[in-house]
1. Once the piece of chain linking Arg54 and Glu21 is laid out straight, how much longer is it, given 0.36 nm per residue of separation minus the C-alpha distance between them?
2. Once you keep just the Cα pairs under 8 angstrom separated by 6 or more residues, what percentage relative contact order results for the chain?
3. Give the lysines reachable from Lys38 as a straight Cα distance under 19 Å; neighbours fewer than 8 places away on the same chain don't count.
4. Putting +1 on Lys and Arg Cβ atoms and -1 on Asp and Glu Cβ atoms, find which of Gln64, Thr37, Gly53 reaches farthest to the positive end of the dipole of the chain.
5. Regarding the chain, what are the three Cα extents along the principal axes, ordered largest first, in Å?
6. Please list 43-53, 10-20 highest first by mean number of surrounding beta-carbon atoms within 10 Å per residue.
7. Solvent-accessible area per residue for the chain at a 1.4 Å probe radius, Å²?
Amino acid sequence: MNDLSKANGLIRDGKFNEAEEVLTNVEKQLGKANDETKAQALNAFGSLNLNKGRNDIALENLLQAQAIWE
């Protein structure tokens, strides 16, 4: 299981702090990643922030992911 899948599973399970740790580690490695992986990571951060009630940050994350996918 890759780290993004792990983070998404943790988000679904309501383990937001653990998911944030995993995503923070993913974020540190994004410079080496392709655009698809960057968009997936931003999407996961968006989902995490929505679940934590940080809608403004979630919107930024999701818009950045959308811009990559377009």
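1. Numbers: separation 33, 0.36 × 33 = 11.88 nm, distance 1.66 nm.
Taking Arg54 through Glu21 to full extension adds about 10.2 nm, to one decimal.
2. Numbers: 70 pairs, mean separation 20.6, N = 70.
This gives 29 percent for the chain.
3. Within the straight-line limit of under 19 Å, Lys38 reaches these lysines: Lys6, Lys28.
4. Gly53
5. Cα spread of the chain along its principal axes, largest to smallest: 29, 27, 16 Å.
6. Sorting 43-53, 10-20 by mean packing, highest first, produces 43-53, 10-20.
7. Per residue, the chain has 65 Å² of solvent-accessible surface.
The values are calculated or read from the model by the stated rules, or taken from the named source; none is laboratory data. Please read all numbers here as calculations on a predicted model, not as lab measurements. Cβ sites come from the backbone with ideal geometry, for glycine too, and all protein chains shown count toward neighbours. Just so you know, the surface numbers come from the protein's heavy atoms only, side chains and all, with ligands and any DNA or RNA stripped out. Shrake-Rupley method; radii C 1.70, N 1.55, O 1.52, S 1.80 Å.
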